[in-house]
Amino acid sequence: MVSFLKKIEDYVLAILLASLLGYHLIPYHNVTSEVQPYVQEFQVKMWDKCTPEQIRPTWQVSVMVVDDVSHFNKETVGVCHYRLLGFDVTLRRDFWEYLDDVGKQQLIYHELLHCYLNVEHENGTIMDAYHIAFTKEHMEKQLDYFLDKVCPK
């Protein structure tokens, strides 16, 4: 109960501070239809394995595939930008359209592991910076591996 009250206190303080700094505080969940199934699948698995304390607070969430990636370096295919009360995931449309279903799932899982759970790159896994391709079954095992690692019961 004390932990819950502390979270509420922290939340109220964050809202007050954000208001003073002029941040937009209306909660929103802006996930485009082309990424929605992958995001939803990830969230269901994450909430099944992790407690709220293990997940980054996400008052405002945005996941989009975009054409204008002028702010990306040429090797970047997706990026997670943290904000005061959430995050934005931006994905390159030219790369997204090149991927098959498993590749899209892998890219979304990769970025959401960064955003929700602060997982860093790890070679030979779905967190590999060069996005090694896996089968759907292997992807599920990889996600379980990271969720177990970050959210031990």
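What to note about this one:
- Where only alpha carbons of region 27-150 are counted, the Rg and the Dmax (Å): 13.5, 37
- Sites ASP144 and ASP68, calculated FRET efficiency, Cβ-Cβ separation with R0 25 Å, nearest 0.05: 0.10
- Fewest-first ranking of GLU53, GLU34, using other Cβ atoms within 10 Å as the exposure measure: GLU53, GLU34
Coordinate-derived values only; no laboratory data. The shown structure was predicted, so the numbers you read here are calculated from the model rather than taken from an experiment. Note that we place each Cβ from the backbone using ideal geometry, even for glycine, and neighbour counts take in every protein chain shown.
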